[in-house]
């Protein structure tokens, strides 16, 4: 049973605090039950959410396509069901078996469609998380911690995953948004960044070699396209994004778009390095030169993908640099030439 | 004291390579200098093992190997009493280290693995960090270097009459000095008595929380207690216009005697102190006890602000180059820190920092003009409380659990920190009452702290790459 509440005196002549005044001190009984301090979320200003929603890119739903597919699946299922029923009454076992097969096929199709939708949703959620994490520096301690939890879920880490545990031991209640960001980048993302860099370096090197030795141009092109898609897939999975067919298409489109605009200005600013790599290509045989070009393209694609899928934007010195990757691709081709 | 040539040369080479930093830990008395230094040495000593320095990238990446104390540059200066300070924290019940009563030095060699191996140099590199502790009271003497006796008298006179509380404390001295004629012959005993009144006034003002008190040695005389050099005081009612006639007074007049003592104090006490210890700094951290100033009230708060801005004019700020590094070091990076951040709940830290920035608004403008990067942070060198949360009548309230200096276990919400200085009406209504806490009993690990790692990163992190 709880103790009765002790008496409490209220003075009448104390002037009431003005509304804007800082809160006065308040003492609690040391035996009062207390729990570990959690930073308090600051209430979002009213109307801010609405503003954010109205400023966001308008959502474009392909209602027509969805209706068509959903309708076809639904009507097909009804049709097959009624046929099955009629067949079971009439004893037409062949028609019944066909309709069972049809039902099965429709079920599989429906599942695939749902999965696609689900993965598209995950891609969208990933984008939202990225947006939220971009404002991490201004976040209050409690918001920062909530964002960290969301990031953990998105990356698919358990609560006792060593990387997350490392973050939890390092994190202190007083850490604000910027400090939390540094810790998240170090504990959760740095291992993935290293893996991503290794992956890009290896895949682009392999692609370069593949083009350099393959005798058939057409087969080359198909292989390169396939490998680049695989690279995007793996990078996305590394940063906690499972791609379906539609989401892959969408991401691929975003990457290409990004490469065409942001990437082009980057190349312009690094023009001297680009010319250098062209000179390097000139020193190789024609085939190896082509390999270098394709390898570099692949590396650039990988870098763009990593930049687009990493939940926290890269800080200045964190991003893997094109310069290093270029050097690596070049080294591999050089070795290949020498062996020849 | 002349130093061996080889040692000087070694220092010069180290400075040229920029592997040696001298850190100025600046703060008035009770701002937490000794605790900061103790904790800093402790954290670096335990770096890579138990110390949690997660905001220091070198430590986070596991590249920081630790630090050790080595023999210092100037062998004539006592060593920083690190072991005594730790012993004080280890006592039962633990207590804060003794306030500093004299100058002490410490040289620390930090060893780390560079992030990228250069052409020269092996597996690990070293950085030498020179630290220096001194009584905060003496720091207030540095502005004296810009004044002669007459101008100092004038400025003190203006300051002492400013504000009621301070005026009251010096009433006795004022009465004694009122019938003193500057032109009369000096009477040793009388001057000594008036000087003692003045010193009493200064001591009372310090007890009441004032900071801008000159001369500093009156508060903490060290080995100069009773020497005639400490028997001077400002003469009220002097003005610049009288300078000619005052200087023409005979040698043994009151004015000339006091002026001679002041000049001696300035030349033989303040100047060597400044030249030996305060000129060669590379980095600086200014520690400010913002909560203490809030507790003391608006008059003391302004007083602290004034003291800090005059004080910071004594340091040389600016960009460094090889030449300036060798011969005229300048502070090229500065941190300002609100200490004792553990005495408020964590969500108040933002306000604490903005209040600190308001307190140092004037010096910050000068620093910005000098293009010196400054970072403001809230800091607790040795964390003495644990953040908790209390649920009361369905409302969650942040709170602190700790032990007060009297030994009471408390759980309290210490009060909100305003983002800027409140108006006069608020002080009359409510005021502030932030409690002081005793350090937590120490366990085997490193000392708990708040953002000491961030401060370290800002101050020396760029040298640990």
Check your understanding: When each pair of different Cα atoms in region B:348-392 is counted once in the 1/r mean, what is the Kirkwood radius in angstroms, to one decimal?
Key -> 12.9 Å
Review point. Taking the inverse of the average 1/r across all pairs of different Cα atoms in region B:87-174, what Kirkwood radius in Å do you get?
Key: 18.7 Å
Check your understanding: Using a basic spin-label model with each label point 7 Å from the Cα along Cα→Cβ, how many nm lie between residue A:36 and residue B:178?
Key -> 6.5 nm
Check your understanding: Hey, what's the per residue convex hull volume over the C-alpha atoms of region B:374-465, in cubic angstrom?
Key -> 171 Å³
Review point. Any idea what angle helix B:188-207 forms with the longest principal axis of chain B, computed on alpha-carbon atoms, 0 to 90 degrees, nearest 10?
Key: 40 degrees
Review point. What list do you get for B:65, B:140, B:56 if you sort them by fewest beta carbons within 10 Å?
Key: B:65, B:140, B:56
Exercise for review: Give the calculated FRET efficiency between residue B:164 and residue B:444 to the nearest 0.05, with a Förster radius of 45 Å applied to their Cβ-Cβ distance.
Suggested key: 0.30
Check your understanding: To the nearest 0.05, how large is the calculated FRET efficiency for residue A:242 and residue A:198 if R₀ is 25 Å and r is the Cβ-Cβ distance?
Key -> 0.75
Review point. If you line up the long axis of helix B:349-359 against the longest principal axis of chain B, both from Cα atoms, how many degrees apart are they, to the nearest 10?
Key: 30 degrees
Check your understanding: Working out 0.36 nm times the residue gap between residue B:68 and residue B:245, then minus their Cα-Cα distance, what length gain in nm do you get to one decimal?
Key -> 57.8 nm
Practice item. Going by C-beta contacts inside 10 Å, put B:420, A:150 in order with the fewest on the left. Key: B:420, A:150
Check your understanding: On the first, second and third principal axes, largest extent first, how far apart are the outermost C-alpha atoms of region B:228-307 in Å?
Key -> 49, 34, 25
Study note, to complete from the structure: The orientation-averaged projected area of the Cα convex hull of region B:21-101, in nm², is 6.7 nm²
Practice item. Taking only the C-alpha atoms, wrap a convex hull around region A:162-251 and report its volume per residue in Å³ as a whole number. Key: 114 Å³
Point to revise | Inter-label distance, nm, simple model (7 Å from Cα along the C-beta direction), residue A:29/residue A:190 | key: 4.7 nm
Exercise for review: Report the full-extension gain for the segment residue B:98 to residue B:263: residue separation times 0.36 nm, less the Cα-Cα distance, to one decimal in nm.
Suggested key: 56.2 nm
Check your understanding: Can you work out the base-10 log of I(q)/I(0) for the protein assembly as shown at q = 0.08, 0.09, 0.10 1/Å, using the Debye formula on its C-alpha atoms alone?
Key -> -0.88, -1.03, -1.18
Exercise for review: Please work out the C-alpha center-to-center distance from region B:24-39 to region A:280-329 and express it in whole Å.
Suggested key: 50 Å
Revision key, fill the gap. Per the rule of 0.36 nm per residue minus the C-alpha distance, extending residue A:112 to residue A:82 adds in nm 8.4 nm
Check your understanding: For peptide A:183-194, how many partner chain Cβ atoms fall within 10 Å of a residue's Cβ, on average?
Key -> 1
**Study point:** Within 10 Å of each Cβ in A:163-176, the average number of Cβ atoms from other chains
**Key:** 4
Check your understanding: Between the helical axis of B:149-161 and the dominant principal axis of chain B, each derived from Cα atoms, what acute angle in degrees is found, rounded to the nearest 10?
Key -> 80 degrees
Revision key, fill the gap. Quick calc, residue B:405 & residue B:19: beta-carbon distance into FRET formula, R0 35 Å, rounding 0.05, result 0.25
Exercise for review: Could you check how many percent of all C-alpha pairs in chain B are farther apart than 31 Å?
Suggested key: 47 percent
Review point. Taking neighbour Cβ counts within 10 Å as the exposure measure, how do A:330, A:226 sort from fewest upward?
Key: A:226, A:330
Review point. Under a point spin-label approximation (7 Å from Cα along Cα-to-Cβ), what is the residue A:323-residue A:75 distance to one decimal in nm?
Key: 6.2 nm
Check your understanding: Rounded to the nearest 500, what is the protein assembly as shown's calculated 222 nm mean residue ellipticity when only DSSP H runs of at least 4 contribute -39500 (n - 2.57) each, over all residues?
Key -> -16000 deg cm²/dmol
**Study point:** 12 Å cut-off, amide nitrogen to a point 7 angstrom out along residue B:370 Cα→Cβ, residues in region B:269-291
**Key:** B:279-285
Exercise for review: Calculate the translational D of region B:259-393 in whole µm² s⁻¹ from Stokes-Einstein, where the hydrodynamic radius comes from the Kirkwood formula applied to all Cα pairs, the temperature is 4 °C and the viscosity 1.567 mPa s.
Suggested key: 76 µm²/s
Check your understanding: What average number of partner chain Cβ atoms lie no more than 10 Å from the Cβ of the residues making up B:385-392?
Key -> 6
Study note, to complete from the structure: Computed from every Cα-Cα pair in region A:81-191, P(r) in 10 Å bins starting at 0 and rounded to whole percents is 13, 29, 17, 11, 11, 11, 8, 1
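Every number here is computed from the coordinates shown, using simple stated rules; none is lab data. Fair warning: this is a prediction, and the values are worked out from it, not measured in the lab. Heads up, the Cβs are rebuilt from the backbone with ideal geometry, glycines too, and the neighbour counts pull from every protein chain shown.
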